[in-house]
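Notes for the one structure printed next.
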Amino acid sequence: MNGAIEAPTIEYGLLAPLLLVFGAAVIGVLVEAFAPRYLRKSIHVPLTLLSLAGGFALVLVQALRGSLPTTPAAMGAVAVDGPSLFIWGVILVLSFVCVLLINDEGHFVASAAAVPGSADEEEAETAGGGHTEVYPLVLFAVGGMMLFPAAHDLLTMFVGLEVMSLPLYLLCGLARRRRLLSQEASMKYFLLGAFSSAFFLYGMAMIYGYAGTVSLPGINQALSSGVLLDPLLLIGMALLGVGLLFKIGAAPFQAWKPDVYQGAPTPITALMASGTLVAAVGALLRVFWVGLGNLDWDWRPVMWGVAALTMLVGSILAITQTDIKRMLAYSSIAHAGFLLIGVMATFDSPAGNAGSLSAILFYLVVYGFTTVGAFAVVTIVRDPGGEAWHLSRWAGLGKRSPLLAGTFAFFLLAFAGIPLTSGFFGKYAVFTAALGSGAEVGDSLGGWMVGLVVLGVVASAVAAFFYVRVIVLMFFSDAAADGPSIAVPSTGTVAVISVAMLVTVGVGLFPQPVLDLANQAASGLFIR
């Protein structure tokens, strides 16, 4: 009849990986509400791991069917295309190994509500208390990471951004050691993250005022026939860019990253440094390629400057760091700059988009696993008050534990992009795509792209200095008499380091299979 509301069409099969993760998170909340405290962890751990493994299995089923969907799901809100499935698979695997780290004892405070150092906190630790709600919070964050890069309109993307961010704000403040630093990190992340979300939301409103829609293909269509210098459009694009660049830690929006990485529990730092970066880069590509693709000549110069500044800030400031987690945070900032080179490597031909997109997807895989492995090693090197955070405490580690120091050194060499590591081929793929893009679009932009690649090579050389400095410190310096102890790693931690090492070495020696997967995924991008 006239005026009837039509029921929405939901493709549950396509959205099954996403729904499984969110469903497990809701079940985890019910476990927290009704299960006895002593049973909660024994329920949460298998529930979390099985849901992440099941989600990955569902992604594989969709990818192996041979035919990707040709239209967005959920009334055009979610794009389950090749890049989405690839990113979902990467996020689920990285989250799975991070949960193995989270399951290790000693990372999380017994009572977050207690004042740090108070009798209440000491009593909770003596009683063996623990925050089992960490597991459903992680599942909600992972679900947000999956929705964020797959969103096909700005409103859904904003929902994914908030669902991803809010649990991480809480998780950052639950570190068992250095409590005040952890709480400070949580507050900084919350306040600055709220500002970035406000920028994103206001930018979305401006774009809607210009295009009359929040759909990314609709925005792209409006650009093809509208005024490209409209103030609403340019302001909206800038504000959206601020919100997205904040999430990947690009300069000048990177100030939160070292503080949050330093103060958060190390397994949560590993999750943010890997999964959150993958999701944020995917969302950035979705907005600037699918939504603002027809405006590329206006956002390219700004993105060029941001990429150059990000590489320089990350590489140079990392040299001055004395905290191992802050050093890895600045390393992450530098790698965000390398990824932005890939974002720049786009032009109007579909073949060019696919080539540069596949390079970025490949880079995200290799960097994500290397990062998780490096932070897993950090959790094992201990001082009496917790992890050995100061670089001077890592002196002589190669003499105390050659295998552990050698493993960490290999991860650092992969970050530096040394040949025969996965990091080398990641940078090579991105730089090659950028040079190819510059040759395609012409002499003017081609020169700028060549300059950006040269700057990337210089930044990589600078970054290699502080990676090698840590290696020299571990193997060629004498350990202090009270040098750090090496904690006996749990089975989960050993598995995480082993998987990360296997991927770093395996992709370094045989990169072609992963490159082929990235190429196949990139060719299935929804442009319209």
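The values are calculated or read from the model by the stated rules, or taken from the named source; none is laboratory data. This one's a predicted model, so the numbers in the text were calculated from it and none came from an experiment. FYI the Cβ positions are ideal-geometry reconstructions off the backbone, even for glycines, and counts take in every protein chain you see.
Some observations on this one:
- All told, A175 meets the bar of being closer than 22 Å to E32 by Cβ, in contact (Cβ under 8 Å) with a residue 40 or more places away in the chain and over 18 Å from the mean Cα position of the chain (by Cα).
- Qualifying residue in the stretch 56-67 (condition: over 30 Å from G218 (Cβ atoms) and in contact (Cβ under 8 Å) with a residue 40 or more places away in the chain): yes
- Subset of the stretch 182-214 [touching a Leu at 6+ places or on another chain (Cβ under 8 Å) and polar (S, T, N, Q)]: S182, S186, S197
- P8 touching a residue at least 40 places away in the same chain (Cβ under 8 Å), under 21 Å from M75 (Cα atoms) and in a helix (DSSP H, G or I): no
- For V138: the one exception among (1) within 20 Å of G263 (Cα to Cα); (2) of a type in the set (V, I, T); (3) over 17 Å from the mean Cα position of the chain (by Cα); (4) at pLDDT 95 or above: (3)
- Matching residues, the stretch 503-518, being surrounded by 14 or more Cβ atoms within 10 Å (Cβ to Cβ) and polar (S, T, N, Q): T504
- Condition check for M164: closer than 20 Å to A283 by Cβ and part of a loop (DSSP other than H, G, I, E, B): no
- Any hit, the stretch 264-287, residues being crowded, with 24+ Cβ neighbours inside 10 Å, at pLDDT below 90 and of a type outside the set (D, E): no
- Members of the stretch 480-502 found to be without any contact (Cβ under 8 Å) to a residue 24 or more places away in the chain and closer than 20 Å to L397 by Cα, listed by number: A481, D482, V488, V494, S498
Residue-wise test of (1) outside any helix (DSSP H, G or I); (2) under 22 Å from the mean Cα position of the chain (by Cα); (3) on the phi > 0 side of the Ramachandran plot; (4) among the acidic types (D, E).
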site	(1), (2), (3), (4)
R393	no, no, no, no
K399	no, no, no, no
L403	no, no, no, no
F408	no, yes, no, no
A414	no, yes, no, no
L420	yes, no, yes, no
G423	no, yes, no, no
Y428	no, yes, no, no
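- Residue match in the stretch 283-303 (condition: farther than 30 Å from T493 by Cβ, of a type in the set (S, T, N, Q) and either touching a residue at least 12 places away in the same chain (Cβ under 8 Å) or in contact with a Gly (Cβ under 9 Å, 6 or more places away or on another chain) (or both)): yes
- Qualifying residue in the stretch 259-266 (condition: in contact with a Lys or Arg (Cβ under 9 Å, 6 or more places away or on another chain), closer than 24 Å to D104 by Cα and charged (D, E, K, R)): yes
- Considering residues of the stretch 472-498 that are surrounded by fewer than 19 Cβ atoms within 10 Å (Cβ to Cβ) and of a type in the set (V, I, T) only, the residue modelled with the lowest pLDDT: V488
- Tally, over the stretch 132-151, of residues that are out of contact with any helix residue (DSSP H, G or I) (no Cβ under 6 Å at 6 or more places or on another chain) and either under 14 Å from G282 (Cβ atoms) or of a type in the set (D, E, K, R) (or both): 0
- Within the stretch 425-471, the set of residues being at pLDDT 90 or above and in contact with a Lys or Arg (Cβ under 8 Å, 6 or more places away or on another chain) comprises G456, S460.
- In the stretch 503-515, the residues that are farther than 20 Å from V97 by Cβ reach residues that are buried (at least 21 other Cβ atoms within 10 Å of the Cβ) with C-beta atoms within less than 6 angstrom, at least six apart or across chains, in these pairs: P511/F425; L515/F362.
- Per the listing S118, S182, the residue uniquely more than 30 Å from D230 (Cα to Cα), surrounded by fewer than 20 Cβ atoms within 10 Å (Cβ to Cβ), modelled with pLDDT under 95 and of a type in the set (S, T, N, Q) is S118.
- Considering only residues in the stretch 364-421 that are basic (K, R) and touching a Gly at 6+ places or on another chain (Cβ under 8 Å), the one that is surrounded by the fewest Cβ atoms within 10 Å (Cβ to Cβ) turns out to be R400.
- Entirely in the stretch 16-133, the helices (runs of 4 or more DSSP H) that have 1 or more residues that are over 29 Å from V496 (Cα atoms) and over 24 Å from the mean Cα position of the chain (by Cα): 16-34, 119-126
- Annotation note: of A308, A318, the sole residue that is more than 19 Å from A359 (Cα to Cα) and under 21 Å from the mean Cα position of the chain (by Cα) is A318.
- Where a residue in the stretch 183-201 is closer than 22 Å to L233 by Cβ and its partner, wherever it lies, is of a type in the set (V, I, T) and buried (at least 17 other Cβ atoms within 10 Å of the Cβ), with Cβ under 9 Å and at least six apart: S196/V242; F199/V242; F200/V242
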